[in-house]
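Here is the structure we will look at, set down as C-alpha cells.
The values are calculated or read from the model by the stated rules, or taken from the named source; none is laboratory data. As the structure is a computational prediction, the values presented were derived from the model and not from experiment. Note that each Cβ is placed from the backbone with ideal geometry, even for glycine, and that neighbours are counted across all protein chains shown.
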Amino acid sequence: MPEHVTFWKRTVLIAVMFVIMFAGQTHPGLAESAVTLLRFDGTEKTVTTVLKEPREIFEEAGVRVGQSDRIVEETGVQGTVLTLKRAVPIVVVRGDSEQKFFTNKDTVGEALRELNIRYNKKRVYPEPGTKITPNVEIHIINRGDSFSAEEAASEIPVKYIDDENIPFGQQKVEQPGEAGKVKVIKKSVVSTGKAPQEVEIAREVLADPKYSIIRRGIGMSVQTPEGRKKYSRIITAEASAYTAHCGSGTGLTSIGLVPARGIVAVDPRVIPYYTKMYIPGYGFAIAGDTGGAIRGNRVDLFMDSYEEAIGWGRRDVEIYILED
C-alpha cells in the first residue's frame, strides 16, 4: 500500500476518535443528571435534570418564573432544593402619597431596603420585622405626623339559619353573640396649610368575636325572584295556557281587565277574583278571568304569545295564595 494512502487513513482515524471523545464530553444526554426538589406556589415537585441554572430548571419543569421572582438554593438531605419566592404587590404610603411596588423579600424592612427607602428615625407600620403579605400597606410615619393605637370592640357577626318550623317574619335567637376586640391604628397627617387629618390605617384582631346564631322563620313562605313571600294556603291545580286570540272577542277579561301576563282564569268558587298568587314557573299572578271549561282546581294562565302557550301545554302546578 502506498505510503501516502496509509498516512491519510491514519489521519482520518485520529480525527474520528477526537470527534467521538469531544462529543462524549459535551453532549447534554451524556452529562451527569441530578435530582432536584422544587418548591413553588405551595407545592413541591421532584425533577431529574442535567441543567444547572435554577431559573432554567423551573422553566424546564413548566413553572413560570417572573422577572421579579426570587429563587433560593439550598442543599437538602437528598440533593438540591430550589424554592421559588413569588414577588407580591405592596403599597408604600408616605404622607398623603401612595406608591405600588413588587417585592420578593420576606419582611417589611427587607422590602424597604430593596427599594432604597430610608426610614431611619421614622416610625414604620407594620414593624420592619413583620412578614410581607400581598397588598400590605406600609406606612412611613413622618416626624410631623402622629401615630396612635387604641382598643375597640368589633361588631358581632350574625349567622342566620332558615327554619320552616318558625312562622315567616319571626326570629329566634339560638346563641347570643359576643363582640371581639381590635386594635385600631391611626395616624394624623399634617399637610402644609391644612388642618391635621386623622385616618385609620389598620386594624389588628386582639380577640375574635363570637357569632350570634339566629333562626329565621320561613314557615308558610315561598321563595320568589323578589325574595320570600308569605302565603296562606297552597292549591294543587291543573294549569293550561291561553292568549288574547282565545278570548271572547271583547278584548277584556270576564271582570273587565285588559289581558296581560299575570292574569289567571280561575273558578271563582275555588279561587275568588282578585286573589294574588305565585305560581312557580309562571310567576306572580292575580285571579282576573274565568272560562267555561275552568271548573274546580283548574286554571288557565295568560301568555304573551301563542308559541309560549303551546310550550306551556298542560301541567300540574302548586299555587301559593299570597297574603296581602
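Could you identify the single residue in GLY169, GLY180 that is small (Gly, Ala, Ser), farther than 18 Å from GLU127 by Cβ, at pLDDT 95 or above and touching a strand residue (DSSP E or B) at 6+ places or on another chain (Cβ under 9 Å)? Show your work before the answer.
Numbers: GLY169 fails: at pLDDT 95 or above.
The match here is GLY180.
In the range 248-280, which residues are outside any loop (DSSP other than H, G, I, E, B) and either over 21 Å from GLU226 (Cβ atoms) or of a type outside the set (Lys, Arg) (or both)? So that I can check it myself, show each step before the final result.
Start the filter on the range 248-280 by keeping residues that are outside any loop (DSSP other than H, G, I, E, B), which leaves 263-265, 276-279.
ILE263, VAL264, ALA265, MET277, TYR278, ILE279, listed by residue number.
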Restricted to the range 191-229, and to residues that are modelled with pLDDT of 90 or more and in a loop (DSSP other than H, G, I, E, B), which residue is surrounded by the fewest Cβ atoms within 10 Å (Cβ to Cβ)?
PRO225
Counted residues, the range 172-190 - those being surrounded by 13 or more Cβ atoms within 10 Å (Cβ to Cβ) and part of a strand (DSSP E or B)
11
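Table: residues versus (1) closer than 30 Å to GLN170 by Cβ; (2) touching a residue at least 24 places away in the same chain (Cβ under 8 Å).
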| position | (1), (2) |
| --- | --- |
| LYS186 | no, yes |
| GLU200 | no, no |
| VAL205 | no, yes |
| VAL222 | yes, yes |
| ILE234 | yes, yes |
| THR275 | yes, yes |
| ASP289 | no, yes |
| ALA293 | no, no |
So for the range 268-278 (the condition being under 40 Å from the mean Cα position of the chain (by Cα), surrounded by fewer than 17 Cβ atoms within 10 Å (Cβ to Cβ) and either at pLDDT 95 or above or of a type outside the set (Phe, Trp, Tyr) (or both)), does at least one residue qualify?
yes
Going by the conditions given, is ARG143 surrounded by fewer than 12 Cβ atoms within 10 Å (Cβ to Cβ) and either at pLDDT 95 or above or within 18 Å of ILE185 (Cα to Cα) (or both)?
yes
